[in-house]
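The values are calculated or read from the model by the stated rules, or taken from the named source; none is laboratory data. This structure is a prediction, so every number in the text was calculated from the model and none was measured. Here the Cβ positions follow ideal geometry from the backbone for every residue, glycine too, while neighbour counts run over all protein chains shown. Surface accessibility is based on the protein's heavy atoms, side chains included, excluding ligands, DNA and RNA. Shrake-Rupley method; radii C 1.70, N 1.55, O 1.52, S 1.80 Å.
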Amino acid sequence: NDQDWIDVENPITDDVPLSRLDSTSDTLFYQEPRFVEHVDEQAVRLMTDYISSLVQTPYVTSVLDLCSSWTSHMAPHTVDSNLKRVAGLGMNTAELQANPSLTEWAVQDLNVRPTLPYENDSFDVILCQLSMDYLTKPLRVCRELLRVARPTGTIHILYSNRLFLTKA
């Protein structure tokens with residue numbers, strides 16, 4: 001029943017970051033590149049099919065891959081189509097440089113600085129793949145996603161059942 005949640009206050013606030021078992025800096029955790037898939041082959045195939053279908057439409061010209069790494073799970077033919085901009089924001093320079101889908105990239109720890117380095121209304125599609133559960137300030141980051149999404153833009157957050165338990 002939807003009514004059960006109407007008067008419940010959200011326990012997640014902007015003022016108190018979420019805590020984790022391992023509270024050391026994510027910059028240290030992501031210092032070494034990890035050129036591996038963090039989910040199985042079927043999950044990779046499903047993500048690639050889903051994401052490729054999102055970006056193949058004629059009105060999508062710009063994509064933000066938030067918490068990006070060495071792959072954005074986009075089929076090569078979709079990147080070569082009408083996409084003019086695929087921005088990756090991640091934690092490891094070597095991984096971002098190796099990502100063939102990206103037209104630009106930036107390194108930033110969103111747990112330290114949850115403000116996105118992009119203009120308002122910049123992206124048609126925003127992806128956050130397998131990473132939202134690592135953010136300690138998810139509400140701030142989600143507000144930023146709304147700011148940088150175009151009025152007709154869409155935000156897609158993909159989860160899996162695998163994670164680095166100490167960092168989630």
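Sort out which residues of segment 102-118 are assigned to a loop (DSSP other than H, G, I, E, B), open to solvent by less than 40 Å² (accessible area, probe 1.4 Å) and within 23 Å of GLN31 (Cβ to Cβ), and write them in order of number. First the steps, then the outcome.
Keep residues of segment 102-118 that are assigned to a loop (DSSP other than H, G, I, E, B), which gives 102-103, 108-118.
From the residues that got through so far, the ones that are open to solvent by less than 40 Å² (accessible area, probe 1.4 Å) too are 102, 108-111, 114, 116, 118.
The answer is LEU102, GLN108, ASP109, LEU110, ASN111, PRO114, LEU116.
So which pairs qualify, if the first residue must be in segment 20-39 and touching a residue at least 60 places away in the same chain (Cβ under 8 Å) and under 16 Å from VAL107 (Cβ atoms), the second must be part of a loop (DSSP other than H, G, I, E, B) and of a type outside the set (Phe, Trp, Tyr), the Cβ gap must be under 6 Å, and the two must be at least 6 apart or on different chains?
Once the first residue is touching a residue at least 60 places away in the same chain (Cβ under 8 Å) and under 16 Å from VAL107 (Cβ atoms) and sits in segment 20-39, its partners that are part of a loop (DSSP other than H, G, I, E, B) and of a type outside the set (Phe, Trp, Tyr) give ASP26/ASP109; ASP26/ASN111; THR27/ASP109; TYR30/MET91; TYR30/ASN92; PRO33/ASN92.
Of all residues in segment 119-156, count the ones that are assigned to a loop (DSSP other than H, G, I, E, B) and surrounded by 20 or more Cβ atoms within 10 Å (Cβ to Cβ). Even if it seems obvious, please write down each step before you answer.
Of segment 119-156, the ones assigned to a loop (DSSP other than H, G, I, E, B) are 119-122, 130-131, 135-137.
Still in the list and also surrounded by 20 or more Cβ atoms within 10 Å (Cβ to Cβ): 130-131, 135, 137.
Matching residues across segment 119-156 total 4.
Within the bounds of segment 141-152, is there any residue that is of a type in the set (Ser, Thr, Tyr) and touching a helix residue (DSSP H, G or I) at 6+ places or on another chain (Cβ under 8 Å)?
no
Would you tally the residues in segment 45-86 being outside any loop (DSSP other than H, G, I, E, B) and closer than 19 Å to PRO33 by Cα?
4
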